[in-house]
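The values are calculated or read from the model by the stated rules, or taken from the named source; none is laboratory data. Remember, predicted model here, so these are calculated numbers, not experimental data. Backbone-built Cβ (ideal geometry, glycine too); neighbour counts: all protein chains shown. For accessibility, only protein heavy atoms count, side chains too; no ligands or nucleic acids. Shrake-Rupley method; radii C 1.70, N 1.55, O 1.52, S 1.80 Å.
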Amino acid sequence: QVQLVESGGGLVQAGGALRLSCAASGRTFSSYGMGWFRQAPGKEREFVAAISWSGGNLSYADSVKGRFTISRDNAKNTAYLQMNSLKPEDTAVYYCAARAGISLATMTGRYDYWGQGTQVTVSS
């Protein structure tokens, strides 16, 4: 099994930045593609960014492209989401997810493991 723990959320003013971390347990982190999703109050969970197991392929939601950067450090069993130029509409609980597979995935159903989520609040 894979256990995922997010950290780095908090309260930030619009235009600010945060970096989320996702620490994975076990010895097989490099075998999994990683994704970040978010869920705002009253809304469905939505895709934010994904990175392949090799780190060579990236995908971003249009709403965050150019502002967010997903990365991973397999030696540290950790994935990251650098969030710059934050907007109030970025406010949500952010979830880290892991999946087996070669291709990128943007659908929640394609992910096998989920973290508990970390709150990101952006004030205007």
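Assorted remarks:
- Theoretical gain in end-to-end length, residue 23 to residue 69 [0.36 nm per residue, Cα-Cα removed]: 14.9 nm
- Region 1-96 - percent relative contact order, Cα under 8 Å, separation 6 or more: 34 percent
- Ligands, DNA and RNA are left out, and with a 1.4 angstrom probe the accessible area of the chain is 51 Å² per residue.
- Taking each residue as 0.36 nm, the span from residue 1 to residue 58 lengthens on full extension beyond its C-alpha to C-alpha distance by 18.1 nm.
- The chain: antiparallel DSSP beta bridges as a percent of all, rounded to 5: 90 percent
- Packing around the peptides 101-108, 88-95, taken as the average count of other Cβ atoms within 10 Å per residue, puts them in this order, highest first: 88-95, 101-108.
- What the pair-distance distribution of region 1-70 shows, using all Cα-Cα distances binned every 10 Å from zero, is 17, 47, 31, 6 percent.
- Expressed as a whole percent, the accessible surface of the chain that belongs to carbon and sulfur atoms is 47, based on a 1.4 Å probe.
- Among 35-47, 7-19, the peptide with the highest mean count of other Cβ atoms within 10 Å heads the list, and the full ranking is 35-47, 7-19.
- Local charge for residue 84 was computed over the other residues whose Cβ lies under 13 Å away, with Lys and Arg +1 and Asp and Glu -1, and equals +3.
- Other residues lying with their Cβ under 14 Å from the Cβ of residue 57 contribute a combined charge of +2, Lys and Arg counting +1, Asp and Glu -1.
- Straight Cα distances below 15 angstrom link residue 87 to the aspartates and glutamates 62, with same-chain residues fewer than 8 positions distant left out.
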